[in-house]
Amino acid sequence: MHEEIELDRLYISPSGPRHCHCPWPTADELARARETGLIEPVIVRPLPGTRPPDYEILFGLKRWLLAQRLSLATVPIIVRAVSDETARRWVAADNNDGSMENPSPSPARFSAGWFRA
């Protein structure tokens, strides 16, 4: 079972090799997401010391980016309590999907809060 959470409570994992090289959603992916919404949840873990809890994205970074591009208020998540080692492995697996459509985020998107590390 998953829950919905506000986009601004999710943060890109600092252990992610592409936290500065995000996988921009393609036009096809955006069109599909507009049609169907986001079906698959983003896998996250709680960030210590945050109340209400904020979350680190472990798997599903592209879905989070799609939600931002579509101006959605929330995204489905599944919360997992995992070790740092497991978190690093999951983030690495998510980063190995081969999609590096636009490896350089624009300064405007960076300063507008698109990226948080």
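The values are calculated or read from the model by the stated rules, or taken from the named source; none is laboratory data. Just so it is clear, the structure is predicted and the values come from calculations on it, not from any experiment. Note: ideal-geometry Cβ built from the backbone for every residue, glycine included; neighbour counts use all protein chains shown.
Return the total of residues in the stretch 23-51 being among the basic types (Lys, Arg) and surrounded by 14 or more Cβ atoms within 10 Å (Cβ to Cβ).
So the answer is 2.
Filtering the stretch 53-77 down to residues that are of a type in the set (A, V, I, L, M) and more than 12 Å from the chain's Cα centre (by Cα), which residue is surrounded by the fewest Cβ atoms within 10 Å (Cβ to Cβ)?
Ala73
Suppose we keep only residues that are aliphatic (A, V, I, L, M) and under 13 Å from the mean Cα position of the chain (by Cα) within the stretch 1-17. Which one would you say is modelled with the lowest pLDDT? Outline the logic, then answer.
Initial filter on the stretch 1-17 (aliphatic (A, V, I, L, M)): 1, 5, 7, 10, 12.
Remaining after also requiring under 13 Å from the mean Cα position of the chain (by Cα): 5, 7, 10, 12.
On the way: Ile5: 92, Leu7: 92, Leu10: 94, Ile12: 87.
My answer is Ile12.
Taking the conditions exactly as written (modelled with pLDDT under 90, part of a helix (DSSP H, G or I) and under 16 Å from His2 (Cα atoms)), does Arg109 satisfy them or not?
no
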